[in-house]
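Take a look at the structure set out below.
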Amino acid sequence: MIAEITFKNFFSFRDETTFSFEADNDTAMQQFHVVEVEPDVKLLKLGIIYGANASGKSNVLKVWEFFQEFFDSGKIVERNDPIPYTSFMLDEKSHKQPSEFAITFYIKDQTKKYIKYKYSLALLDNTVISETLQAYFSTQPTAIFERVYNQGISVIKFSTKLKVPAAVRDEITIKCLPNISMFSAYRRVNTNIPVLEEVNNYLHNKLLLPLIAPGELFPQHIDIHSRQQRENILQFIKEADFNISDIQRNEKTETPFDNSYYYTHRIIDKYNNYVYYSFPEDMESAGTIQAFRLSGYIYEGIRNKGFIAIDEIESSLHPKLIEFLLVKFLKESETEQLLFTTHYDGLLAEEDLIRKDNIWFTTKNKEGVSALYPLTDFKGLNRLSSLQKAYKLGRFGAIPNI
């Protein structure tokens, strides 16, 4: 599970910024919202970001999207290929300075105990200038590996506790181009180093499903052939009061997008008999399609025990469906985490669904610099009669300056 992520000089975030999933001392709805990974460390399964348009909400999610692409590095084959990131561009010096990232997370080991890790990264242009991984097997961190850029090449130093053979170390170093992650190089070497294997599996396979933006097509991430996945999706759509009884993938389509699915509608005719009609996807409403895809996407995240990021979750959905989807996620997830942006302030009034420490805000100043901060930074929250009303009145900022 992710504890926090820190980033600097990335898109509209010029200054060091931290998003945290650590829960506060509130005991509300702990059964569904909170996972205790070690004594006195409790992590949230849900994060919500509010903010005006162009305030930086989507850029927070792009941090996770960057990590996914960087750990994959499938598009980088030459040492001069660009690293998929953008530094702050609204001044004369930031693009000449490193962009920095750090992510703290917990992974269960074979004994079911959570181990804390911290992965740090610094980039400049198309070069990784530093990369480190620390593990907390005890109260003091162990440097699993440290990588620096020296005289045009990446130099990697592994912990002596890993007992990495010299030949393996040299091969990883040779394959570690200046513009890829050490983990990308590690996956290209015929070796198995347990701690690196475990962390690589988490970062590469579970950290993030592809970021979903408003109106984006993503049926390729939904395994409609999986019986459990299919039942989950259909259950959600039926409970959401659609008269759809089945969904079938169009196996004849030449692309994974155009009319990829057929939706079967069940109605009752004048003789009180069930009658079924099947329609291609482009004949369905945007809300029906979005409900199908979001439910499938979230269930895929739960099945994969991964991290899910959705930009503007309310796009084409009725507010009650958003709340219904969140209830399903909180009840059926275990250690999976969901982070989304939204303009739907009605969630702030759902005190039996949302905790105060779920809520974050973004703003942007006159210099074009975004800032991210939690609702819990504000004093006197328990004295407010309505968080939703306080937000609308600008009590927390993060609204359009109209």
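Please treat every number below as a calculation from the coordinates, not as lab data. None of these values were measured; they are calculated from a predicted model. Because the Cβ atoms are built from the backbone with ideal geometry, glycine has one as well, and the counts that use them run over all protein chains shown.
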Using the beta-carbon distance between E16 and Q110 and R0 = 30 Å, what value does 1/(1 + (r/R0)^6) give for FRET efficiency, to the nearest 0.05? 0.25
Residues of type lysines that K113 reaches as a straight line, Cα spacing below 30 Å, ignoring anything fewer than 8 places off in the same chain: K42, K45, K157, K161, K163, K206, K305, K328, K331, K356
What angle, in degrees between 0 and 90 and rounded to the nearest 10, separates the Cα long axis of helix 57-72 from the longest principal axis of the Cα atoms of the chain? 60
Helix 227-239 against the longest principal axis of the chain: what's the angle in degrees, Cα atoms only, rounded to the nearest 10? 50
Spacing of the two label points (7 Å from each Cα toward its C-beta) at S386 and V77, in nm: 5.8
I'd like the antiparallel share, as a percent to the nearest 5, of DSSP beta bridges with both residues in the chain. 85
Express in nm, to one decimal, how much length is gained between T160 and N201 on full extension, taking 0.36 nm for each residue of separation and deducting their alpha carbon distance. 12.6 nm
Using alpha carbons only, how many degrees (0 to 90, rounded to 10) separate the axis of helix 319-332 from the longest principal axis of the chain? 60
Added length on full extension, which subtracts the Cα-Cα distance from 0.36 nm per residue, Q151 to D345: 64.6 nm
How do the peptides 151-162, 334-345 rank, highest first, by the average count of neighbouring beta carbon atoms within 10 Å per residue? 334-345, 151-162
Ranked highest first by average number of other Cβ atoms within 10 Å, how do 97-105, 312-320 line up? 97-105, 312-320
In the range 252-402, how does Rg compare with the Kirkwood Rh, expressed as the Rg/Rh ratio over alpha carbon atoms? 1.07
Excluding same-chain residues fewer than 8 positions from K108, which aspartates and glutamates have a Cα within less than 18 Å of its Cα? E4, E22, E36, E38, D40, E197, E198, E334, E336
Simple spin-label model, 7 Å along Cα-to-Cβ: V327 to I174 in nm? 6.0
Using alpha-carbon positions, the gyration tensor of the chain gives root eigenvalues a ≥ b ≥ c; with a/c under 1.5 called rounded, otherwise prolate if a/b exceeds b/c, else oblate, the class is prolate
From the helices alone, meaning DSSP H stretches of at least four residues, give me the mean residue ellipticity at 222 nm for the chain, per-run term -39500 (n - 2.57), in deg cm²/dmol to the nearest 500. -7000 deg cm²/dmol
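For N192 and Y136, FRET efficiency with R0 = 22 Å and r from the beta-carbon atoms, rounded to 0.05? Numbers along the way, then the final one.
On the way: r = 23 Å, r/R0 = 1.02.
Efficiency, from the Cβ-Cβ distance: 0.45.
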Order the peptides 19-31, 195-207 from the highest to the lowest mean number of other Cβ atoms within 10 Å of their residues. 195-207, 19-31
